[in-house]
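Q: Next up is a structure, given as structure tokens.
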Amino acid sequence: MQQTKEPSFRESVDLMFNRAAKLMDLSPGLEQKIRVCNSTYTVRFGVRLRGKIETFTGYRSVHSEHMEPVKGGIRYALSVHQDEVEALAALMTYKCALVETPFGGSKGGLCIDPRQWDEHELEQITRRFAYELIKRDLIHPAQNVPAPDMGTGEREMAWIADQYARMNTTDINAKACVTGKPPHAGGIQGRVEATGRGVQYALREFFRHKEDMARAGLTGGLDGKRVIVQGLGNVGYHAAKFLSEEDGCKVIAVIERDGALLDPKGLNIEDVRQWMNRHGGLAGYPNATHVADGAPVLEEACDILIPAAMEGVINLGNAERIRAPLIVEAANGPVTFGADEILRRKGCVIIPDMYANAGGVTVSYFEWVKNLSHIRFGRMQRRAEEARSRLLVEELERLSADKGLGWTLAEDFKERFLTGSDELALVRSGLDDTMRTAYQAMREVWHSRQDVEDLRVAAYIVSIGRVAQTYRSKGL
């Protein structure tokens, strides 16, 4: 039944939780314990900028401590408020459980427009915000580990890590207090691309199953599929780039703050991104049609729609007009609860946010492990792998020569076979394995239970079940 009133993001998350929980055998007390947010810290602090004191409001919410540390990004946006942060923290709990990273869910936010401040001013603001959280153990390698989110990136994470190290000079694991750092500051190769890469791996896994594709009325593979991407930030850019360059998808439209670009033959994503970096938007891009009002482009015909920016962009106002048979939620909460009901009734398949955008927290987990182990992935085994591979190649070539077979291995094959796995290759391998395994867990519930209509409910059932198991093992 269509909702008469659009629920808020927080309400949408709770309503989606309830849809799954009523299909599970949970005691009312345990269900309530999993649903509620454990705590939210609100901080208001002043920083002297441009000759006067500016006061900022920030949040750090901890949804569940069934596992510690808790994990979740910090976003910088004027729209940040407590309900949003708590909803995002809840999604982090379920997301971490789904992809089996050993974290509880948390989230942070600062009510600020980062574009209004110079870099050195942003550093002052970030360090002061970090100071307020660190002194309350709301940033700590063993208790609460932030990461980038909308409006933040490697730069801000490096500032936070340095601030923690200054305040905890003897903590050997200081770098593990935050993930998403640049590689030279304790980060990991592949973290920047991770969420977009995860979207790609999620789609590849979906397209491995003909039965699942049939639910969306799709056939064949990813090659040639028409894609619309809303939001060409870090996540949307990488997802669009990888899908178009590596899987043969045609990205026929991208939507940004200042409108949309359309090209039925497929956009050159790298070219569009370079234009955006130089000009601050899509307007004026010469190699595609620019539409000033981007919102209606979400309703254009395509095979795959990827909302990769804000929550609530697909809602009661436009859900009936969405024509994509497959939606991949690269952003958090881009489809409201009411819109979700309309789209399911229309037969649209939605790959849910807690799975589709879990690449970021998965690679953040790898970075955290790297920081705690104090060694780069691949450092111990890469050359050993190369040496074993070389022995095999040399033996094959010797046997060919001795037996007079006259065949040789192609040089490009030898080069690829003889290259040991470096950090980036291992990170991508681990991410691919994680996305495949998590999809299989969702899919099993989706296909084995008559009362589970869609992947979102399946994802919630898997996640809530795992959180419940952990709480039960603690005696709750």
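The values are calculated or read from the model by the stated rules, or taken from the named source; none is laboratory data. Everything quoted here is computed from the prediction, not taken from an experiment. We place every Cβ from the backbone using ideal geometry, glycine too, and count neighbours over all the protein chains shown.
Q: I'd like the full set of residues that are of a type in the set (A, V, I, L, M, F, W, C) and closer than 20 Å to G46 by Cβ, limited to the range 94-125.
A: L110, C111, I112, W117, L122, I125
Q: Select the helices (runs of 4 or more DSSP H) contained entirely in the range 131-240, then report the ones holding at least 2 residues which are more than 27 Å from E423 (Cα to Cα).
A: Passing ranges, in order: 154-167, 210-215.
Q: Does the range 370-383 include one or more residues that are touching a Pro at 6+ places or on another chain (Cβ under 8 Å), outside the structural domain of A161 (by TED's automatic domain parsing), in a helix (DSSP H, G or I) and under 25 Å from E68 (Cα atoms)? Please lay out each step first, then the result.
A: Kept after step one, since they are touching a Pro at 6+ places or on another chain (Cβ under 8 Å), are these residues of the range 370-383: 371-372.
Right, trim to outside the structural domain of A161 (by TED's automatic domain parsing) and you get 371-372.
This time we only want the ones that are in a helix (DSSP H, G or I), so: 371-372.
If we keep only those that are under 25 Å from E68 (Cα atoms) too, we end up with 371-372.
For the range 370-383, residues touching a Pro at 6+ places or on another chain (Cβ under 8 Å), outside the structural domain of A161 (by TED's automatic domain parsing), in a helix (DSSP H, G or I) and under 25 Å from E68 (Cα atoms): present.
Q: Right, another one. Could you say which residue among F56, F45 is closer than 21 Å to R155 by Cβ, assigned by TED's automatic domain parsing to the domain that holds P146 and touching a Cys at 6+ places or on another chain (Cβ under 7 Å)?
A: Details: F45 fails: touching a Cys at 6+ places or on another chain (Cβ under 7 Å).
Just one listed residue meets the conditions, F56.
Q: Going through the range 171-185 one residue at a time, which ones are touching a helix residue (DSSP H, G or I) at 6+ places or on another chain (Cβ under 7 Å) and either of a type in the set (A, V, I, L, M, F, W, C) or not assigned by TED's automatic domain parsing to the domain that holds E154 (or both)?
A: A174, A176, C177, V178, A185, listed by residue number.
Q: Please pick out the residue among F9, F103, F45, F56 that is closer than 14 Å to R466 by Cα and surrounded by 14 or more Cβ atoms within 10 Å (Cβ to Cβ).
A: F103
Q: Please enumerate the residues belonging to the range 120-141 that are surrounded by fewer than 22 Cβ atoms within 10 Å (Cβ to Cβ) and either under 27 Å from G196 (Cα atoms) or not assigned by TED's automatic domain parsing to the domain that holds E84 (or both).
A: L122, E123, P141
Q: So which strands (runs of 3 or more DSSP E) are wholly in the range 241-355 and hold at least 2 residues that are over 23 Å from A458 (Cβ atoms) and touching a residue at least 60 places away in the same chain (Cβ under 8 Å)?
A: Result: empty, no element qualifies.
Q: Can you find a residue that is over 33 Å from the mean Cα position of the chain (by Cα), of a type in the set (A, V, I, L, M), in a helix (DSSP H, G or I) and on the phi < 0 side of the Ramachandran plot anywhere in the range 403-422?
A: Checked the range 403-422: no residue is over 33 Å from the mean Cα position of the chain (by Cα), of a type in the set (A, V, I, L, M), in a helix (DSSP H, G or I) and on the phi < 0 side of the Ramachandran plot.
Q: Right, here's the next one. Please find, within the range 305-353, the residue that is surrounded by the fewest Cβ atoms within 10 Å (Cβ to Cβ) out of those that are of a type in the set (G, A, S) and under 21 Å from D149 (Cα atoms). Show your work before the answer.
A: Residues of the range 305-353 that are of a type in the set (G, A, S), as a first pass: 308-309, 312, 317, 319, 324, 330-331, 333, 338-339, 347.
Now drop any that are not under 21 Å from D149 (Cα atoms), which leaves 308-309, 312, 330-331, 333.
Working: A308: 29, A309: 21, G312: 18, A330: 29, A331: 25, G333: 25.
Here the residue is G312.
Q: Here are the criteria: (1) out of contact with any Ser or Thr (no Cβ under 9 Å at 6 or more places or on another chain); (2) part of a helix (DSSP H, G or I); (3) surrounded by 18 or more Cβ atoms within 10 Å (Cβ to Cβ). Tell me which single one V467 does not satisfy.
A: In the conditions (1) out of contact with any Ser or Thr (no Cβ under 9 Å at 6 or more places or on another chain); (2) part of a helix (DSSP H, G or I); (3) surrounded by 18 or more Cβ atoms within 10 Å (Cβ to Cβ), V467 misses (1) alone.
Q: Checking the structure you have, find out if any residue of the range 80-91 is part of a loop (DSSP other than H, G, I, E, B) and out of contact with any Lys or Arg (no Cβ under 9 Å at 6 or more places or on another chain).
A: Yes.
Q: May I pose another question? Would you check if Y94 is buried (at least 24 other Cβ atoms within 10 Å of the Cβ), at pLDDT 95 or above and among the hydroxyl-bearing types (S, T, Y)?
A: Against the criterion (buried (at least 24 other Cβ atoms within 10 Å of the Cβ), at pLDDT 95 or above and among the hydroxyl-bearing types (S, T, Y)), Y94 qualifies.
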